[in-house]
Amino acid sequence: MSEDLLRYDILIQDALRGAVKKILAEVGRTGLPGDHHFYIAFDTNAPGVRISQRLKERYPQEMTIVLQHQFWDLAIGEHAFEVGLSFGGVPEKLLVPFSAIKGFFDPSVQFALEFDPGKTAEELPEELLEAVEELAKAEQEHADSQSKAGDQDDSKEAASAAPDNTDDVTTKTPAGEGGGEVVSLDAFRKKT
């Protein structure tokens, strides 16, 4: 058998990622039509992925997001998309390069695409990778300073004789109420 010098496998992967990009761009312009909604699985370790440290710890390798009822600020770029979602009542902004996508599924019409992450001829621009790295560092520094401030607040609170913590009241939203849902694409694969 001859060697595939054209790399048809990579060309097809890139073409299908282009289809996902066009679908998301249309949804970004007009919203989700009818009953359409999407499950998008991606590699959380892929270059250019930006998610909070909290989500990174919870989903160290793969994450699947659902774009259905509650998402906002869907922005489609040349190499990545950005979207706002809520996880357990906490709003998050995610940046996902198209090259990090592992699966795209629209259960309303049983349409699915699977990808090999990283298997692409498209290279992410250095500016995008540097910007994501700088944002990750800034978020980590902010989280560290919040943690230190929280530790100091805990010490002050313990020393206080009459704690008045009206500023520290938080409302917890159950995960099922208005939150994002992370599921595995395996739930939708046909069993053979």
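The values are calculated or read from the model by the stated rules, or taken from the named source; none is laboratory data. Note that this is a predicted model, so its numbers are computed, not measured. As a convention, Cβ positions derive from the backbone with ideal geometry for all residues, glycine included, and neighbour counts pool all protein chains shown. The area values use the complete protein model at the heavy-atom level, side chains included, leaving out ligands, DNA and RNA. Shrake-Rupley method; radii C 1.70, N 1.55, O 1.52, S 1.80 Å.
Points worth noting:
- Of the residues making up the stretch 38-57, those that are in contact (Cβ under 8 Å) with a residue 60 or more places away in the chain and not small (Gly, Ala, Ser) are PHE38, TYR39, ILE40, PHE42, ASP43, PRO47, VAL49, ARG50, GLN53.
- Residue, farthest from ILE101 (Cα to Cα), within the stretch 8-31, restricted to residues that are β-branched (Val, Ile, Thr) and open to solvent by 80 Å² or more (accessible area, probe 1.4 Å): THR30
- Within the stretch 86-102, considering residues that are of a type in the set (A, V, I, L, M) and part of a strand (DSSP E or B), the one nearest to ILE10 (Cα to Cα): ILE101
- Filter pass, PHE105 being at pLDDT 90 or above and surrounded by fewer than 13 Cβ atoms within 10 Å (Cβ to Cβ): no
- PHE105 in contact with a strand residue (DSSP E or B) (Cβ under 8 Å, 6 or more places away or on another chain), within 27 Å of LEU11 (Cα to Cα), in contact (Cβ under 8 Å) with a residue 12 or more places away in the chain and not acidic (Asp, Glu): yes
- One residue stands out in the stretch 65-101 among those that are surrounded by fewer than 20 Cβ atoms within 10 Å (Cβ to Cβ) and among the polar types (S, T, N, Q): the one that is nearest to LYS21 (Cα to Cα), namely GLN68.
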